[in-house]
Each structure stands twice: as structure tokens, then as C-alpha cells.
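S.K.: Just dropping this structure here.
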Amino acid sequence: MAVTEDILRKQFPILGLTVNKRPLIYLDNAATTHKPVAVIDRLRHYYESENSNIHRGAHHLSQLATEAYEQARENIRKFINAGHNHEVIFTRGTTESINLVAYSFSKKFLNPGDEILISEMEHHSNIVPWQIACENHRANLKIIPINDKGELRMDQYRELLSDKTKLVAVTHVSNSLGTINPVKEIIRLAHQYNTAVLVDGAQAAPHIPIDVKALDCDFYCFSGHKMYGPMGVGVLYGKEKWLEQMPPYQGGGEMIKEVSFKKTTFNELPFKFEAGTPNVADVLGMDKAIQFILEVGHTDIARYENDLLKYAIDRLSELENIQFIGTAEQRTSVVSFLFTDIHPYDTGTILDKLGIAVRTGHHCAQPVMEHFQIPGTVRVSFALYNTKEEVDALVNALAKVREMFG
Amino acid sequence: MSGIKEKEQEIIEEFEIFDDWMDKYNYIIELGKSVPEINPEYKKEKHIIRGCQAQVWLHAEYKDGKVIYTADSDALITKGIIALLIKVLSGQPPQEIINADMAFIDQIGLREHLSQTRSNGLLNMIKQMKLYALAFQKSKS
Ligand SMILES: Cc1ncc(COP(=O)(O)O)c(C=O)c1O
């Protein structure tokens, strides 16, 4: 399938909506992407003809659902090039994946005086779980700073790493700046100290190929809903050697081998970390979304989105008093900016009136806003269905904003 | 009709002349620019009402049985809406402020600015305005 706008856009029914009497222009894809018909149909098909609880009943439907669920695990293993199916754990999303590791890894490995390293550009989901873990285990949280382009200060990172560092948690791609971090190098350096690395891949998964083997990362997290899949489902990849040693995160059905009131023995991987009835339908939906991405192809997606990004930056630069936040060399299709003389909330309100959906505010990355000493930004984030005409409409709308406030 | 309802009616009539949203917002922006600035002394942490997107500062004092509000925001549209809220509530007796339903916001088509997702501080500002009124009323009796 080639990325020809017409064919592609038709697969996303919601793109036909009107908002405030104008055709919707959706440029808030870093918050969540829309879903292609194939994903929506998959959910429907599951509830219409496969619905049943998995890994339990021996009846026909249960077998169908179990097979589909485990096939999805295999497909996702391939998608991220993991070594084993049981290294792929289904969760509610990136946030839960990070919390799982912050809880279970820390319980086993984090001791008083140890250190966890995160970066200044993390999403709150990759900050707060570590704050809680550090508090629980009397460990210290250390922050890798960013430079004014919105890139990690690798020199500072090298200085911060030490024998005390138990884990480094960094984002693959920043949601507020679009920066692609050199995670492979980050991991290589951490491993010199036998330090584990968790990569927050929420913003990477829809845009760039993930190869956990090539990265050699210890944990990798992403959400279905940011990559054309359903909400409420995501993945935690973890190396077997860690997952085997980590205690369960939640107790309940599925995750046990035998239960008695004296002693319960836990199930093996991956089930040890999947307590309770899983979100089967959405796992299957996410599986379809991944198939969709693979059919379009990462190379085509990257080429198309980079082209759009470049076009957007060029066009936006025409506007007066625009300040870009995040100008990293390596970045995905996110443009964060503000007018130096207009509050981002005002800009966002008028854009909404004009049928254009963007995100304004701090994007759950308050430390980033603090670094740049700004109240927030207007964030435009593209997906593979956005077009240059939409960028033109955005620029025209922003010119209108300037007229109204300037 | 209470003082507050009268003021609300005035605003509703003012807004009836706008038949397109752009005129309406231009008017709100102008209002925002004309809000008497809050005394810088009050533009401090203590008086801030945090929203995730825009900040609001609010100050209230009690004079001759009436509550006088001044406020400010870093966003102009928020500030314009603040001007409307102040026009309606400032200079009124505490009990009336406590009872006010602020239905006019809906009638002039600005309800979306009071929704949770906007998190522009306005919703909390109204709450805070009422809390001030309540406190003044208590201290009076
Ligand atoms: C970089 C990053 N990490 C984590 C998250 C949290 O993802 P979710 O809300 O799907 O758990 C997001 C989503 O906004 C994100 O952009």
C-alpha cells in the first residue's frame, strides 16, 4: 500500500467529520491517533463472533479467542524483534507498563542510596512512577538535563552514570519536542555499569521501526492508541532475565499456577504479569493496527511524515513572532511553538473555532516548559493521514489569530 | 430582579448583536485588554488559581456589604471572560453571589470555556469567588 492521500484518508472514517461547521483538521496525533476501518472492524468482529474468556474454558469460542490473542503476541514480538513471546506483556498502555517496572523492578533491585536516572524531557508518566519508587525504597532520582534545542545533554548523562545507577528511564521520542533520543548509545553506556534501561516508546511506535534486539534495551513500553490502535491497551517488552526475577505487579486470576491459603505459586511468563481477564478485543485491535503500519511500511511513513514536517516548519516560519520550542537535529513529526506575544491558550481557542485540533498547554511535560520558561506551547503533531493542504489551512488560521490578537 | 440577573441580562443583550463567532471573540479580546489590571501586589502566588493552560489571579475585598473583585489572567480570552464575571458579580452582596447560577455564560455561547478539559482556571475562579463571598458573609454575622 502506498501512502497516497486519497486511499489512506478514506480508511479513517472520523476524518470526514465537521467541527464548528468546518471539515475537521486533526493535528493532535501525539495525544492519540485515529483508527482505520480495519481496526474498528476487528473489534466488532471479536465481539460478534469470538467473544469469550481466554486461557480457561476448553470450548470452541474460548479456543478461538485464545489463539487470536496469542497470535497477536507473536505478531507484536516480530514487530519489535523481541527474542521470545513471553517477553511481550500486555498492559493498559505505556503508563501501566512503566508503573509495572517501577514497582516490580524496584521491589527486587532498588536499595537505599541507589539512583534512578530520568531526563528533563520525560512525560509525567515516566517521572511520577520513579518518584514513587524512589520514595518507597529511599533511592534518589537524578535528572539528565536538555539543551536549548531540546536534546539530551549526553555529556551530563555520562557524568551522572555510576555504579549506584540501577535503572535509566528515557523516552525514545519526546512528546512535547519531537526529539528522537540516541537511545542505542544511552543503553550502551548504561550497560557498562550493568544498569538496566527502560525506553518509553509511546511516541516512537507510530513513526519509527522498533528493534529491541538492536537497541539491546531492557524494557520498552508503548500504547496502542497512539499508533492507530484502540485505547486502553499497550505493551511492555522486558528481557527475560529481568522479568523472571521480578515479583508480580498485581495478584489475581491468570497470573497464578496454584492457589491455596498457605501458599500461592505464580504462573510463568508472560502470565505472571497479566493478572485478571485481559483486554482481548483491544489487543486484537492493536494487532490489526500494527499490521496496518507494516502494510504502509515504515520507510514510506517516515518519508511522508518528514516531508510534511519540513513543509510545516517552512510555512510556519513565515509567521511573525513565532518561536519554535524543540529544534533537535533528529525529530519526528511534532512541531511545538508559540507566538511570543500571544498566549498559547488564546491561539488554541481560535484554532478550535476554525475546526483545527491542536494541543495547547504543557503536554504533561511541565519540566520542559520550565526549562524554556514558557507557559506552554501550541503543539502540532502529524500522522500519516495529514496533508499539506491541512498545513496550509493551519497557517491561514494562525494568520487569522495574529490578526485578532496582534 | 436581583442585581446579578440584571447585569447578566445586559450582557446577554450585548452579545445578541453578534451573529458570527469572530465578532464575539474580538469583543471578548477587547474586553480582556480593558480589564483593570489587578494591583501587582496581588499578582502573587497566594492569589493564583492554577489551570493547566492559563493562570488566573483573583483578589477580593469586602466594602459596605458588597464584595469587590479584581482579577487577571495571562491569556487574553480568559481575561475577557473574567471581565464578564467581574461585571456580573463584583459589587454584589455575598448572598447573591453565593446563589448566582451564572447561566448567562451558557446563553452567550461561552460554556465551553468553563469545561474541565479547558483547565484554564475559570471554573476554579468562580468557585473561589463564591468561597470569598461565603467567607465575608460568615465574618459579617
Ligand atoms: C512520551 C509519552 N510517554 C507516556 C505517555 C502515556 O501514554 P498513555 O497515556 O497511553 O499511557 C505518553 C502519552 O501522552 C507520551 O507521549
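The values are calculated or read from the model by the stated rules, or taken from the named source; none is laboratory data. These numbers were taken from a predicted model, which means no experiment stands behind them. Here Cβ is always computed from backbone atoms with ideal geometry, including for glycine, and neighbour counts include all displayed protein chains. These area figures cover heavy atoms from the full protein model, side chains too; ligands, DNA and RNA do not enter into them. Shrake-Rupley method; radii C 1.70, N 1.55, O 1.52, S 1.80 Å.
S.K.: Given the options A:T347, A:T360, name the one that is under 24 Å from A:G406 (Cβ atoms) and out of contact with any Gly (no Cβ under 9 Å at 6 or more places or on another chain). I'd like the intermediate steps shown before the answer.
M.R.: Working: A:T360 fails: out of contact with any Gly (no Cβ under 9 Å at 6 or more places or on another chain).
Exactly one residue qualifies, and that residue is A:T347.
S.K.: Within the range A:298-406, which strands (runs of 3 or more DSSP E) (wholly inside it) include 1 or more residues that are crowded, with 21+ Cβ neighbours inside 10 Å and within 12 Å of chain B (Cβ to nearest Cβ)? Full working, then the answer.
M.R.: Numbers: elements: A:322-325, A:334-339, A:359-361, A:377-381.
Result: A:334-339, A:359-361, A:377-381.
S.K.: Same structure again: Could you check the range A:88-113 and list, in sequence order, the residues that are away from the ligand (no atom under 16 Å from the Cβ), out of contact with any His (no Cβ under 7 Å at 6 or more places or on another chain) and open to solvent by 10 Å² or more (accessible area, probe 1.4 Å)?
M.R.: Quick first cut of the range A:88-113, residues away from the ligand (no atom under 16 Å from the Cβ) only: A:88, A:104-113.
Filter once more, keeping what is out of contact with any His (no Cβ under 7 Å at 6 or more places or on another chain): A:88, A:104-105, A:107-109, A:113.
Scanning the range A:88-113 gives A:K107, A:K108, A:F109, A:G113.
S.K.: Something else now. Which one is nearest to A:A202 (Cα to Cα) among residues in the range A:235-273 that are open to solvent by less than 10 Å² (accessible area, probe 1.4 Å) and away from the ligand (no atom under 16 Å from the Cβ)?
M.R.: Across the range A:235-273, the extreme among qualifying residues is A:G238.
Residues checked against (1) of a type outside the set (D, E); (2) open to solvent by 10 Å² or more (accessible area, probe 1.4 Å); (3) within 16 Å of the ligand (Cβ to nearest atom):
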site: A:N81; (1), (2), (3): yes, yes, no
site: A:N136; (1), (2), (3): yes, yes, no
site: A:L141; (1), (2), (3): yes, yes, no
site: A:E151; (1), (2), (3): no, yes, yes
site: A:A196; (1), (2), (3): yes, no, no
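S.K.: Let me ask something else about it. Can you go through A:N75, A:N51 and tell me which one is assigned by TED's automatic domain parsing to the domain that holds A:E244 and assigned to a helix (DSSP H, G or I)?
M.R.: On the way: A:N51 fails: assigned to a helix (DSSP H, G or I).
Just a single option satisfies the conditions, and that option is A:N75.
S.K.: For A:Y237, indicate whether it is outside the structural domain of A:Q11 (by TED's automatic domain parsing), under 25 Å from A:R56 (Cα atoms) and either touching a Ser or Thr at 6+ places or on another chain (Cβ under 7 Å) or outside any loop (DSSP other than H, G, I, E, B) (or both). Even if it seems obvious, please write down each step before you answer.
M.R.: Values: outside the structural domain of A:Q11 (by TED's automatic domain parsing): yes; under 25 Å from A:R56 (Cα atoms): yes; either touching a Ser or Thr at 6+ places or on another chain (Cβ under 7 Å) or outside any loop (DSSP other than H, G, I, E, B) (or both): yes.
Considered against the rule, which asks whether it is outside the structural domain of A:Q11 (by TED's automatic domain parsing), under 25 Å from A:R56 (Cα atoms) and either touching a Ser or Thr at 6+ places or on another chain (Cβ under 7 Å) or outside any loop (DSSP other than H, G, I, E, B) (or both), A:Y237 comes out as yes.
S.K.: Somewhere in the range A:217-234, is a residue away from chain B (no Cβ under 14 Å), surrounded by fewer than 24 Cβ atoms within 10 Å (Cβ to Cβ) and more than 13 Å from the ligand (Cβ to nearest atom)?
M.R.: No, every residue in the range A:217-234 fails to be away from chain B (no Cβ under 14 Å), surrounded by fewer than 24 Cβ atoms within 10 Å (Cβ to Cβ) and more than 13 Å from the ligand (Cβ to nearest atom).
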